[in-house]
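The values are calculated or read from the model by the stated rules, or taken from the named source; none is laboratory data. This one's a predicted model, so the numbers in the text were calculated from it and none came from an experiment. With ideal geometry, Cβ positions are generated from the backbone for all residues, glycine too; neighbour counts draw on all protein chains shown.
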Amino acid sequence: MKKQYLICEAAVLLLLLSVLTIPVSADPSIVITSYQLTPGVFMPGETGILTLLITNAEAVATTTETTGGATHSVSITETNGVVIERIWISSASDSTGDQIRSLLGANGYEDLGNLAAGASMTVSFEMIAEDNISNGHYFPKVHIDLKNDDYGNYEDVVFPLDIQVSDVPLEIIPNNSPKIISMSGASDISLTLLNLRESFLDNIIITPQKSDKYRIQPEKLVVSQLGASSSEEIHFSIIPETIGTYELAFNISYENGDNSHNTKTAVTVETVDSFEVAPIIYSMPSTIEAETNEEIRLKVYNSKADRISSVIITPHTNARITPSQYFIGSMDADDIYSLSFDIDTTGLTINQTYDISFTVSFKQDDITFETPIIQSSFTVVGSNGNGDETTMAIGIVIILVIVMFFFVYRWRKKQRIKKLMVQ
């Protein structure tokens, strides 16, 4: 009997020892939750920052496994964290071997420590698109090497990225800029900034080149951001100093991420002594009440001996004005055209003076001309507050006059009837 008891006890001990050697897998789930790339699209030769958000997606901090029966049982608890030994990025290349790669190389970051269940870490890599790399999409891979437990339960993580390369630059297009301008005033030069890239561009600065032949205002224009596949029109005012033909040069700088780029454009213009086409303001209020509309009247006179076409009058002001442009079309020699604009003071500041100017552009022999700017101003004033009362008082007076006239008329008629009866 004693011998059988010893055999049973030995069997229980063997069972306990076997339980202690059963591997319990914590099975952490390491994932790249998101990544961000700045700039969003690389140009060849650019560097940028790749930011990874790495998460241990295991929901609970520990895992417990119990083995045995009601009399004899063993519980083993394991932490669902994992030690990250290394994070690195393998490069991607085009057909000629030019690469998108991490500047940290194959070593990456080492010994990043334990990532607990539900915890996240942010890791950033500086990436480079080599100088001569071709346009297209590239797929470098993020490698997360995990430290294995004694039983080899953890698999390394491999995550492909999508990085696009495009050598499309910011384009600057002259937009209806006149080829001939007058010495007698300022003329408008417009340019269109065109971003055909699939990511935005920042800090666009357009600087006209200085010259003793002309002055350009403003001296600099800044566009803080231009969205992907979008455009923006900008305007400069040129004031000629000499007669002749010359180039108006513009320097443009812009940023894609932290990468700076520069480009140039130029517009050729000819300056003449004066124009024979001119806008004339013949009705312009000096003051306009707030929250009201007023009409501005102009005439355009073609004193040339020839017909002109594509005649357009464009107003420039901070106020709301309609229409935004007035299209006349063709004008014969010695023709005069009358037109009007409606200006709305809604939202403007009372007691503040606002400038308003007009330019006329036209074509002759397929050459675009633009007249000098004619300028005026108006002041926004508050309502006098008695308008309705004054109107009402005038109405009452008119009614009283009509009533009095009616009674006088009736009285005189009765008097005439009495005279006739007496006779």
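Looking across S274, S330, one residue alone is assigned to a strand (DSSP E or B), of a type in the set (S, T, N, Q) and either at pLDDT below 90 or more than 31 Å from the chain's Cα centre (by Cα) (or both). It is S330.
Report whether or not V267 is crowded, with 16+ Cβ neighbours inside 10 Å, assigned by TED's automatic domain parsing to the domain that holds A319 and part of a strand (DSSP E or B). Explain how you work it out, then say what you get.
Numbers: crowded, with 16+ Cβ neighbours inside 10 Å: yes; assigned by TED's automatic domain parsing to the domain that holds A319: no; part of a strand (DSSP E or B): yes.
Against the criterion (crowded, with 16+ Cβ neighbours inside 10 Å, assigned by TED's automatic domain parsing to the domain that holds A319 and part of a strand (DSSP E or B)), V267 does not qualify.
Does A319 satisfy the condition of being small (G, A, S), in contact with a strand residue (DSSP E or B) (Cβ under 8 Å, 6 or more places away or on another chain) and within 23 Å of H235 (Cα to Cα)? Considered against the rule, which asks whether it is small (G, A, S), in contact with a strand residue (DSSP E or B) (Cβ under 8 Å, 6 or more places away or on another chain) and within 23 Å of H235 (Cα to Cα), A319 comes out as yes.
Any chance segment 209-219 includes a residue that's within 24 Å of G40 (Cβ to Cβ) and among the hydrophobic types (A, V, I, L, M, F, W, C)?
We begin by selecting, within segment 209-219, every residue within 24 Å of G40 (Cβ to Cβ); these are none.
No, every residue in segment 209-219 fails to be within 24 Å of G40 (Cβ to Cβ) and among the hydrophobic types (A, V, I, L, M, F, W, C).
Among the residues examined, D334 qualifies as touching a residue at least 12 places away in the same chain (Cβ under 8 Å) and either in contact with a His (Cβ under 6 Å, 6 or more places away or on another chain) or more than 18 Å from I281 (Cβ to Cβ) (or both). Which ones in segment 154-167 are surrounded by 12 or more Cβ atoms within 10 Å (Cβ to Cβ), assigned to a loop (DSSP other than H, G, I, E, B) and touching a His at 6+ places or on another chain (Cβ under 7 Å)? Result: D156, single match. For residues in segment 207-225 being within 15 Å of N262 (Cα to Cα) and of a type in the set (S, T, N, Q), which is modelled with the lowest pLDDT? Going through the qualifying residues, I end up with Q209. Listed conditions (1) outside any strand (DSSP E or B); (2) basic (K, R); (3) surrounded by 13 or more Cβ atoms within 10 Å (Cβ to Cβ) are all met by K210, apart from (3). In segment 281-327, of all residues being of a type in the set (S, T, N, Q) and touching an Asp or Glu at 6+ places or on another chain (Cβ under 6 Å), the one that is modelled with the lowest pLDDT corresponds to S303.
Any residue in segment 304-325 that is touching a Leu at 6+ places or on another chain (Cβ under 9 Å), closer than 23 Å to I205 by Cα, in contact (Cβ under 8 Å) with a residue 40 or more places away in the chain and in a strand (DSSP E or B)? No - not one qualifying residue is present in segment 304-325. Number of residues in segment 167-197 that are at pLDDT 95 or above and more than 19 Å from the chain's Cα centre (by Cα): the value is 1.
A residue that is touching a Lys or Arg at 6+ places or on another chain (Cβ under 9 Å) and surrounded by fewer than 15 Cβ atoms within 10 Å (Cβ to Cβ) occurs nowhere in segment 254-261. Of all residues in segment 333-359, how many are buried (at least 17 other Cβ atoms within 10 Å of the Cβ), β-branched (V, I, T) and either over 30 Å from E289 (Cβ atoms) or modelled with pLDDT of 90 or more (or both)? The number of residues fulfilling the criteria is 3.
Conditions (1) at pLDDT below 90; (2) assigned to a strand (DSSP E or B), marked per residue:
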site	(1), (2)
A228	no, no
E232	no, yes
Y246	yes, yes
N251	no, yes
